[in-house]
Amino acid sequence: MQSVLAYGRIVARTVLGGGLRQSERREYRLITVSCGFGKDLRKGSGTTAKGSGYGDDACFVAAHRLADVLGVADGVGGWWDYGVDPSQFSTTLMQTCERLVQEGLFVPSNPVGILTASYNEMLQNKAPLLGSSTACLVILDRQKRCLYTANLGDSGFLIVRDGKIIHRSDEQQHYFNTPFQLAIAPPEAQDSILNDSPEAAEGSMFNVEVGDIILTATDGLFDNMSDYMILQQLRKLKDSSYQSLNETVKSLAKRAQQLAYDPNYMSPFAQHACENGLNVQGGKPDDITVLLSVVTESKE
């Protein structure tokens, strides 16, 4: 059964590509929906959501009077080799971020601060939760109408306006297929486990407009779909209604899942692998998490 989480508020006078008169200073809001697939589910078997994520991925969407906040995290699958469930780390990281937002313990212009506080809280647990994860946070400051982001690793986001990508995050990689990541390792393995500081996350600020589309996802999407293919799917979005958003995000995630298991498809991941001297072809089976958001204006 497909699982779609929908958040936000349906707002009047919100049509993709619409604008505001300068004299009106209504707050901006995000309407966000999500869809995903765990990589252990093959084509045609549907999708299940494990807690607040898909497979080893995790996500959250939270609303505060100052801002709309969302995030994705991709648990590093290699921890399965040590008997550790990677989804526990990514899920706890995202749940902690969500709680901090709901409690108002954040500054809208500082998503890195949310990530840092969440990670430090996990470190301070009496029994630290082992694992590692990438992370990407997106904050819409409702009054300033600005988007603030923090991205650590190879999850990421892009902003689409009038059918074109006008801003996007950059991947952070130590080397091919080895992204920056937050980690908590047992003492005996700390020297052998990659662990980046949350302050290493790339931050950005961008002024948004009503009708802007924000796509936030784990690498399961970006490794299997080019920008052109993503834009083709986003053209299916008719308006900012939940129905249209849900249909579009499901179509996008489903297409990425199909391509992930196509052995003859030259995926973006395979292309990057070839550029790094590896003979790789086909899609990249992986967990896929997609959050699709549209910027709207508040009625209030």
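The values are calculated or read from the model by the stated rules, or taken from the named source; none is laboratory data. Please read all numbers here as calculations on a predicted model, not as lab measurements. Cβ placement follows ideal geometry from the backbone for every residue including glycine, while neighbour counts extend to all protein chains displayed. With ligands, DNA and RNA removed, areas are computed over all heavy atoms of the protein, side chains included. Shrake-Rupley method; radii C 1.70, N 1.55, O 1.52, S 1.80 Å.
What to note about this one:
- A 1.4 Å probe over all protein chains sorts Glu98, Glu103 by accessible area into Glu103, Glu98, starting with the largest.
- The equivalent ellipsoid that matches the C-alpha gyration tensor of segment 87-228 spans semi-axes of 27, 19, 11 angstrom, in descending order.
- Mean separation of Cα contacts under 8 Å, 6 or more apart, over the residue count of segment 162-247: relative contact order %: 21
- Atom-type composition of the exposed protein surface of the chain places 49 percent of the accessible area on carbon and sulfur (1.4 angstrom probe).
- Taking only the C-alpha atoms of segment 240-279, the Rg (one decimal) and the largest Cα-Cα distance, Dmax (whole number), read 14.6, 45 Å.
- Label-to-label distance, Ser192 versus Thr178, with points set 7 angstrom from Cα along the beta-carbon direction: 1.4 nm.
- For the chain, modelled as a GNM whose springs connect Cα atoms under 10 angstrom apart, the maximal fluctuation among Pro111, Pro128, Pro86 occurs at Pro128.
- Residue with peak Gaussian network fluctuation, the chain [Cα springs, cutoff 10 Å], from Thr178, Thr116, Thr92: Thr178
- Considering only alpha-carbon pairs that sit under 8 angstrom and 6 or more positions apart, the relative contact order computed for the chain is 25 percent.
- Residues whose amide H falls under 5 Å from that of Arg29, counting only those 5 or more places apart or on a different chain, are Thr296, Glu297, Ser298, with hydrogens built in the peptide plane.
- The Cα atoms of the chain cover 60, 47, 35 Å along the three principal axes, with the biggest extent listed first.
- Residues in the chain average 44 Å² of solvent-accessible surface per residue, probe 1.4 Å, ligands and nucleic acids excluded.
- The Cα center of segment 131-193 and the Cα center of segment 48-121 differ in position by 12 Å.
- Heavy atoms of Ile166: accessible area, 1.4 Å probe, square angstrom to 10: 60
- Accessible surface for His64 stands near 30 Å², nearest 10, in the context of the full protein assembly shown (1.4 Å probe).
- Counted by Cβ distance under 13 Å from Leu237, the other residues give a net charge of +1, where Lys and Arg count +1 and Asp and Glu count -1.
- Surface accessible to a 1.4 Å probe, Met229 within the full protein complex, Å²: 40
- Result for the chain in a Gaussian network model with C-alpha springs under 10 Å: among Gly211, Gly38, Gly282, the largest mean-square fluctuation is at Gly282.
- When +1 charges are put on Lys and Arg Cβ atoms and -1 charges on Asp and Glu Cβ atoms, the dipole computed for segment 167-263 relative to its Cα centre reaches about 720 debye.
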